[in-house]
Structures are given as C-alpha cells and as structure tokens.
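The values are calculated or read from the model by the stated rules, or taken from the named source; none is laboratory data. The shown structure was predicted, so the numbers you read here are calculated from the model rather than taken from an experiment. Cβ placement follows ideal geometry from the backbone for every residue including glycine, while neighbour counts extend to all protein chains displayed.
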Amino acid sequence: MAKAHETPENETKKKPNKVLPIILGVILVAGIIFGVKEYIYYGKHIDTDDAQVDGDISPVVARVGGYVDSIYFEENTHVNKDQVLVTIDDRDYKVKLEQAQAAKTGASANINVGESQIYANDANSASARAQVESAAARLEKVSKDYQRYANLVKDGSVTQQQFDQAKADLDVAQATYRATQDQYKAAQEQVGATKNQLNVTHTGVSQKQVDVDYAKLQLSYTIVKAPAGGIASKKNVQVGQLIQPGQTLFSIVNDNSLYITANFKETQLDKIHDGQKVDIDVDAYPELKLKGVVYNFAPATGAKFSLLPPDNATGNFVKVVQRIPVKIKINGSKEDLDKLRPGMSVSVSVIYKN
C-alpha cells in the first residue's frame, strides 16, 4: 500500500531558505564593488584629514605709548589698507616736535653768526696782507737807502749820524715787516678756525634736523593704520586706555591670503609634488567642494618645529611616522573663500595619477 502523502505543514518546513544566500550575495557583490572602487580611488589619490585652513595674520603693534584717543573700527569687521584705525593722544609728541624745531632754529642762527665772522676775518686777513705788502715795500726802500749810506759813509760824503739813522730805519722796517707777517698768519689761522667752527655748527644743525625728523616720526606713530586689508579681530584696546610701545592692539586676517596646510605622512610624500591638483572638503560646509594645487613643502617635520622637539639621541627612541606640512593654494570664488576661516578643519585629496 502506498505511503500516505506528507502534510503541507511538513513540506513547508523542508523547503530551503533562499533569502539568506541572496542577502549574502548582495553583500559580497557590494563589498567587491566597494573594494574595487577604493582600489581604483587610492590608486590615483592620496588623502589626509590632518589639514586645516591657514592665512596670513598681521598683528598691529603700538610703536609709541600714550592714551588712546579714538578707535575707528569694530571687532570682526573688514578694514582697508592704510585705513586709520586708532589714534593716540599726540599732545606730548607735538611738544617734543616743537622743541626739536626750536633747537634747530637756534643752531641755524649760529650758522649765520659763523658766516658773518668768516666775512669779518676774511676782511682782517686782507687788511693784514696789505700791511705786509706795505711793510715789504717800506723795507725794500729802507734797505736801498742803507746800502747807499753805507757806501757814502766810507768816503765821508755823509756823516756817521746819518748812517746810523739809516741803519735804525732799516731795523725798524725789518721788525715791522716781520710783525705784519705774523699778523697776516694769525688772521689766516683765524679764518681757518672760524670755518672749522662753522662746519661744526653745520653738523650740529644736521643733528638737530635728525631730531626734528625723529620727532615727526614719533608723532606719525600716534596714528595707527591698517598694515593690510582684511578682517580686524582680537581687539585689545579701549578708548582712554594707556598703552605701551610694543603692545599688540589687534590683528588683521589679510585678504586673499588663505591656504591649506595639510600634514601628510612621510611615507606619502614620494607621490606628491608641486603643481598637482587637490580636492578639498571643508568640515564646516559638507556641500562646499573646493579645488586646490600643491604649492610647496615645509623644510622640516612638524615635530621639529614644536616647542620641545624630540631628540632621538637620548636613548628613548621610538619610531613614529612623522608628518610634513604641505602648503596647498585654494582655487575658488570669492563667495566660497569668504566662508573660510583660518583654523577650520578640512580633508584633502591629492590627485597624483590621472
């Protein structure tokens, strides 16, 4: 007799489960596709998320001390290059400038006095020279007279008294000539001394002019201008505050100075070089996709630039993969770049193979 047919309930239990293999197959195919895509992607790209936005930040430092008179900007607002941002009470510096100018005026007056003295000494020198020439002519005449009397006294044509008078006249003429020569020499030396003194006076005037220029420079420093266009931030000054020379007043993040500093592992650098294209993802703006270009490489690892760089010669050597900062220029519209701020975290991908 034939066996009785099994019940439908038993048939259902023995039917093989096809859902699990399908799920496993889908997962396997998806894993293969993902693996192939990752293999292809990393065969052309080098990624790092150890990167951030950087920019040129100009600290504005007071060059002179004093009380703050006025402030012409607000925190986190845009300023233009050479825009007046802060003024310092300048009354003390104006007084110092006036003192320097007065000192220069006094020194300049001494120049006029010195020049007048030179003219007077030149006149005295000319007069002394004329006296020398007159004494020389007198001496020549008396010498000739003496020679004639000397010849005549021998044959008794003149008396001894007349000869003695001629000799006395010669002695007087010689002494007068020597005296006028000494006077002329002294007058010339006086002219030279006066000219030297005038040169000293000119040097003094030049020094006073330096003092005036320095006072003007100090006065100009009471007006603090923006060294570059950008966003003024970290405002550390208030009206009426007493500031000191060298004190930082605020900082300016310069316009058009943003770039990316990406810290790549040293084992990744063999495939990176200048000019390669870069994809940039900004953590703060997931929808923002930027492009960039590898610009240059830091001359040392980040660890070497730290406050306490590691020294492997101490005997505590542990090999750690080091990172090299790489500068990346950003290519983007002004609207996109305005969203970026130095310090923002980004992820970069260098395309090293097309």
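In table form, for the structure just shown:
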item	result
Residues (aliphatic (A, V, I, L, M) and farther than 30 Å from residue 273 by Cα) located in the stretch 37-90	60, 61, 62, 64, 68, 71, 79, 84, 85, 86, 88
Among the candidates 348, 321, residue that is of a type outside the set (Gly, Ala, Ser) and outside any loop (DSSP other than H, G, I, E, B)	348
Identity of the residue in the stretch 229-260, more than 23 Å from the chain's Cα centre (by Cα) and not in a loop (DSSP other than H, G, I, E, B), that ends up surrounded by the fewest Cβ atoms within 10 Å (Cβ to Cβ)	242
In the stretch 261-301, the residues that are among the hydrophobic types (A, V, I, L, M, F, W, C), part of a loop (DSSP other than H, G, I, E, B) and closer than 17 Å to residue 337 by Cα	284
Check on residue 211, among the charged types (D, E, K, R), more than 30 Å from residue 128 (Cα to Cα) and in a helix (DSSP H, G or I)	yes
Any hit, the stretch 302-311, residues being surrounded by 14 or more Cβ atoms within 10 Å (Cβ to Cβ), under 32 Å from the mean Cα position of the chain (by Cα), touching a residue at least 24 places away in the same chain (Cβ under 8 Å) and not in a loop (DSSP other than H, G, I, E, B)	no
Test: residue 75 is modelled with pLDDT under 90 and either in the same structural domain as residue 241 (by TED's automatic domain parsing) or assigned to a helix (DSSP H, G or I) (or both)	no
Odd one out for residue 299 among (1) closer than 28 Å to residue 228 by Cα; (2) in contact with a Phe, Trp or Tyr (Cβ under 6 Å, 6 or more places away or on another chain)	(2)
Among residues of the stretch 327-338, those that are surrounded by 15 or more Cβ atoms within 10 Å (Cβ to Cβ) and not β-branched (Val, Ile, Thr), counted	4
Odd one out for residue 318 among (1) within 19 Å of residue 265 (Cα to Cα); (2) at pLDDT 80 or above	(2)
Test: residue 60 is of a type in the set (A, V, I, L, M, F, W, C) and touching a residue at least 40 places away in the same chain (Cβ under 8 Å)	yes
Checklist (1) closer than 17 Å to residue 327 by Cβ; (2) surrounded by 15 or more Cβ atoms within 10 Å (Cβ to Cβ); (3) among the acidic types (Asp, Glu) applied to residue 281, failing item	(1)
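Listed here are the residues, each with its yes/no results for (1) assigned to a loop (DSSP other than H, G, I, E, B); (2) modelled with pLDDT under 75; (3) of a type in the set (A, V, I, L, M).
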position	(1), (2), (3)
124	no, yes, no
130	no, no, yes
133	no, no, no
137	no, no, yes
145	no, yes, no
149	no, yes, no
152	no, yes, yes
164	no, yes, no
168	no, no, yes
